[in-house]
1. Given the residues VAL52, VAL19, which is the only one that is under 16 Å from the mean Cα position of the chain (by Cα) and surrounded by 20 or more Cβ atoms within 10 Å (Cβ to Cβ)?
2. Exactly one of these conditions fails for ASN10: (1) open to solvent by less than 10 Å² (accessible area, probe 1.4 Å); (2) touching a Pro at 6+ places or on another chain (Cβ under 9 Å); (3) outside any helix (DSSP H, G or I). Give me its number.
3. Which helices (runs of 4 or more DSSP H) sit wholly inside region 227-315 and have at least 3 residues that are within 19 Å of the chain's Cα centre (by Cα)?
4. Is it fair to say PRO58 is open to solvent by 50 Å² or more (accessible area, probe 1.4 Å), touching a helix residue (DSSP H, G or I) at 6+ places or on another chain (Cβ under 8 Å) and of a type outside the set (A, V, I, L, M, F, W, C)?
5. Among the residues in region 68-87, are any at positive phi and open to solvent by 70 Å² or more (accessible area, probe 1.4 Å)?
6. Given the conditions (1) touching a Pro at 6+ places or on another chain (Cβ under 8 Å); (2) in a loop (DSSP other than H, G, I, E, B); (3) within 18 Å of ILE138 (Cβ to Cβ), report the number of the one that ALA220 does not fulfil.
Amino acid sequence: MIKALPILKNNKINQIAFVVQDIEQASEAFAKLLGIKKPEWFLTGTSDISKVVFRGKPTSSRSKLVFINTEGVQIELIEPDHEPGTMREFLNTVGEGIHHIAFDVESLNEGLQNMNNHDLLVLQTGEFTSSYAYVDSIQQYKTLIELLERDEPHHISQPETDCPSLLGTTKIEQLAFVVKDLDAAAEAYCKLLGVEKPEVIESGSCEIFQVEFEGKPTEADSKYTFINTPMLQIELIEPGNAPSTWKKHLEKHGEGVHHISFVVKNLDKKIQVLQEMGYPVIQRGNFYNGKGRYAYFDTVSDYKVIIELLERYES
């Protein structure tokens, strides 16, 4: 439910963008997962066209790009060159993975001013098929945010399928972050999106939860909350002291993106499909309320992020 005007005047996340080392490999992997024709990459313009400014200085940075339409948000794959830029900096310091989420804005200047009013400063600007800007939002949102001012309204068309999706869907249901302070992260996201702060959920009892992490039973204590947006649900997770994939991620990588989720039917069959492809289960268990189950897979080598499958029990 909307409680106030979102900082960017809309709360529609329309892209999840990945920085990758090899865009050919990443494109092929996502095409196979989603059952679509492998998209071709293209190169961004030279500096006289793209007008990239990174940390206040012009740069000749260029990138190979691929856009993949899904049933929800658009996936963007980015392979940067070695010139200074936020994507190259991310690849050098963090490695491959989700670099940013994107929002459309009516006015880029106004959007940046609104972000600046909330202590979110511009990191990089440039021109593509639209004017864009990245803001330095890692501390507040655990990822970068991109603002896009387009000349024409942006419509994400339905994906063109080439063969059946391995998961039976192309829709990314959730983007999940591991955080140290759930209340602070939820407050920041709700202010950004202009929504009411949702309920904080405690992990269920062991009898209901029945979590296995790396093959061993664990309490996997945690707190989490779900924030709905028009195309994507944001999940925030604060792990407790017991072993879990969330705790391990926080200790090894710090706060940030942990996984993306797909809702599937016949979870056992989908687990078998991914395991036969060489992706072992990291953690599995039941929903806190017993109304479904989940499994996380070690898919980082190919998809640059952990993939979670969710199976909801029909009422």
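1. Only one candidate qualifies: VAL19.
2. The single condition ASN10 does not satisfy is (1).
3. The helices (runs of 4 or more DSSP H) meeting that bar are 245-253, 300-303.
4. Yes: the conditions hold for PRO58.
5. No - not one qualifying residue is present in region 68-87.
6. (3)
Every residue, every condition in (1) charged (D, E, K, R); (2) open to solvent by less than 20 Å² (accessible area, probe 1.4 Å), yes or no:
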{"position": "ASP181", "(1), (2)": "yes, no"}
{"position": "VAL200", "(1), (2)": "no, no"}
{"position": "VAL211", "(1), (2)": "no, yes"}
{"position": "LYS216", "(1), (2)": "yes, no"}
{"position": "ASN228", "(1), (2)": "no, no"}
{"position": "GLU235", "(1), (2)": "yes, yes"}
{"position": "TRP246", "(1), (2)": "no, yes"}
{"position": "LEU250", "(1), (2)": "no, no"}
{"position": "VAL257", "(1), (2)": "no, no"}
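The values are calculated or read from the model by the stated rules, or taken from the named source; none is laboratory data. Note that the structure is a prediction, hence the values are computed from the model and not measured. We place every Cβ from the backbone using ideal geometry, glycine too, and count neighbours over all the protein chains shown. Surface areas here come from the heavy atoms of the whole protein model, side chains and all, with no ligands, DNA or RNA. Shrake-Rupley method; radii C 1.70, N 1.55, O 1.52, S 1.80 Å.
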